[in-house]
Structure formats: structure tokens, C-alpha cells
Amino acid sequence: MSKKLYSSSDEWVIIDGEIATIGITNYAQEQLGDIVFIDLPVIDTSLEKDGVMGAVESVKAAADLYCPIPGDVIEINETLIDQPEKLNEAAEDTFIVKIKIDATTDLSHLMSQEDYLASK
């Protein structure tokens, strides 16, 4: 069974077995404004917990994207390369990257949706 968790740096993570699907929260896209560009990681890149996994640029600002858990990139959302505005349209439903994680990956620092929203 998969579950959606949230990081303090405004990313969401859905864990399904050894695959983690990662995106940004609605709060993050609201803070950024209209997203006009996204820089995505390369397939097979190893990402560290809290390491930069890419960047987004909006009409208001540029911001790094952080990987909330460690893993190896197995898929990127290539649609976002030509249509980064998809993150504004449906941030909670639009993944950025999928990574393969280890079964022992620590998830204790991630929050439930209720706890995340309460922190904002």
C-alpha cells in the first residue's frame, strides 16, 4: 500500500514498495508563482537525502528542488520539460521524479498531510 508523505522543504513523496515518487506541494507552487522552466536530474543519478535534485524557475523566483530521501533516479517526468506549468495546474498530482529506494530508508522525518499543512 502506498502512502503520501511530506517534507519540510515542500516536497511530497509517495512510497510504493521500493519506488518513491516525488513532486512539489501545492503550497510550494503557490509560493513560486507561474513556473516557466524546470531542470530535472539525469536517469541513474544517485540522489542524497536533502540533496539538490533539480531546480524550477518561475516569473517570481528560482528555487532548488530537494530530494527528501536518498535513492537512484529511475524516471523523470519528461512532460515537464516542455510544459513546466503543469506543476502550477496540479502540483499534488504531477510527479517530478521517481527514485528507487532501499527497504531500510528512514522515513521518520517525513510528515503526514495533516502535520505538513499545520506547519504552514
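The numbers here are math on the coordinates, done by the rules we state, and not lab data. Bear in mind that the values here come from a model prediction, so they are computed numbers and not experimental data. Backbone-built Cβ (ideal geometry, glycine too); neighbour counts: all protein chains shown.
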Review point. Has the range 102-113 got any residue that is over 20 Å from residue 7 (Cα atoms) and either assigned to a helix (DSSP H, G or I) or of a type in the set (A, V, I, L, M) (or both)?
Key: no
Practice item. Assess whether residue 19 counts as being touching a Lys or Arg at 6+ places or on another chain (Cβ under 9 Å), in contact (Cβ under 8 Å) with a residue 40 or more places away in the chain, crowded, with 20+ Cβ neighbours inside 10 Å and not basic (Lys, Arg). Key: no
Check your understanding: If you check residue 11 against the conditions, is it crowded, with 20+ Cβ neighbours inside 10 Å, touching a helix residue (DSSP H, G or I) at 6+ places or on another chain (Cβ under 9 Å), among the acidic types (Asp, Glu) and under 18 Å from residue 113 (Cβ atoms)?
Key -> yes
Study note, to complete from the structure: Within the range 26-85, of all residues that are under 13 Å from the mean Cα position of the chain (by Cα), buried (at least 17 other Cβ atoms within 10 Å of the Cβ) and of a type in the set (Val, Ile, Thr), the one farthest from residue 112 (Cα to Cα) is 38
